[in-house]
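The values are calculated or read from the model by the stated rules, or taken from the named source; none is laboratory data. What you see is a predicted model, and the numbers here were worked out from it, not measured in a lab. No Cβ is skipped: glycine too gets one built from the backbone with ideal geometry, and neighbour counts run over all protein chains shown.
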């Protein structure tokens with residue numbers, strides 16, 4: 001049985017949970033958010049969706065014993081601004097503590113590279129993997145633009161769909177499940 005916990009059910013987390021359900025990549029999905037109303041609303045939506053899509057995936061509330069943990073929790077970037085590194089690092093660190101030792105943790109919270117670099121130095125007993133950069137890197141390579149121009153290009157292109165990040169996570173989960 002392959003299980004995943006998604007921690008943080010905002011724009012990226014809720015789209016990710018729906019995509020996990022549609023893909024059928026997991027046998028058990030745990031969902032967690034500090035905001036109880038958001039967590040319960042997502043749970044009800046996923047349960048309704050599972051009835052029509054794939055009723056064989058077990059969905060539970062909370063951070064359960066999982067093969068992989070995906071952290072999407074954090075404060076979004078304000079329009080025209082940068083990500084709040086200090087706030088997002090604190091949020092992600094709290095989430096990592098929920099996961100336990102000797103676990104694989106995918107982090108999608110920005111600025112993901114800086115957050116993961118610091119976390120890896122603090123937690124030798126966990127595998128921490130930054131995700132959500134594949135699409136950004138590909139566009140930078142393809143367009144030849146510097147990273148600031150590419151960030152603006154990607155923000156306009158991805159919008160609120162979070163297609164690149166979610167697609168990357170689903171692909172990683174499929175590979176991890178196949179390697180078990």
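Assorted remarks:
- So residue 37, is it modelled with pLDDT of 95 or more and in contact with a helix residue (DSSP H, G or I) (Cβ under 8 Å, 6 or more places away or on another chain): no
- One residue stands out in region 127-160 among those that are touching a helix residue (DSSP H, G or I) at 6+ places or on another chain (Cβ under 7 Å) and assigned to a loop (DSSP other than H, G, I, E, B): the one that is modelled with the lowest pLDDT, namely 160.
- Qualifying residue in region 88-110 (condition: at pLDDT below 80 and farther than 19 Å from residue 8 by Cβ): no
- For region 1-38, residues that are surrounded by fewer than 18 Cβ atoms within 10 Å (Cβ to Cβ), in contact with a strand residue (DSSP E or B) (Cβ under 8 Å, 6 or more places away or on another chain) and farther than 14 Å from residue 176 by Cα total 1.
- Note on region 1-105: enclosed strands (runs of 3 or more DSSP E) holding 3 or more residues that are free of Cβ contacts under 8 Å to residues at least 40 places away in the same chain are 28-32, 58-61.
- Condition met for residue 163 (at pLDDT below 75, surrounded by fewer than 17 Cβ atoms within 10 Å (Cβ to Cβ) and closer than 30 Å to residue 65 by Cα): yes
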